[in-house]
């Protein structure tokens, strides 16, 4: 089930976010930069702001009443950004990322968004493969942002119901 996040989800969201980030930052960044107390507190504050911020959508995917994935998107500098998409490692390869992605795309289609952008850690090849399989491509104008690759998606037109 995909639903909008609430403040009651915050603890589970921070835990899932920290757990997912550890899978792709391990060995590439010092642990305190992705799992240290200061970083977890920063993550918690960021998710709390995102849940309460107008113009930001935060989605949760549940499996059997347990948070299994999270995604967030918002307009930044006039461009729709997929700012977060994480699936709990215990739930990889169950289709949760695809469901969250589809929910984000449906939001964008409903809102008339034609183009979206995201940044993915250069060493996170698992996520890069996921995004490419879902139609994302390198941004030719701005291919990198520091340690992240920049990808763009031409949001497909919403399918029209049969007449």
*How do the peptides 134-146, 103-115 rank, highest first, by the average count of neighbouring beta carbon atoms within 10 Å per residue?*
103-115, 134-146
_region 2-154, relative contact order in percent, only Cα pairs under 8 angstrom and at least six apart counted_ = 20
_Listed candidates [x] 15.6, 56; [y] 14.4, 42; [z] 15.1, 43 - label of the one calculated as Rg and Dmax of the Cα atoms in Å_ = [x]
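Per residue of the chain, what 222 nm ellipticity follows from adding -39500 (n - 2.57) for every DSSP H run with n ≥ 4, rounded to the nearest 500?
-11500 deg cm²/dmol
Each value in this text was obtained by applying a stated rule to the coordinates, not by laboratory testing. If you're wondering where the values come from, they're calculated on a predicted model, not measured in any experiment. With ideal geometry, Cβ positions are generated from the backbone for all residues, glycine too; neighbour counts draw on all protein chains shown.
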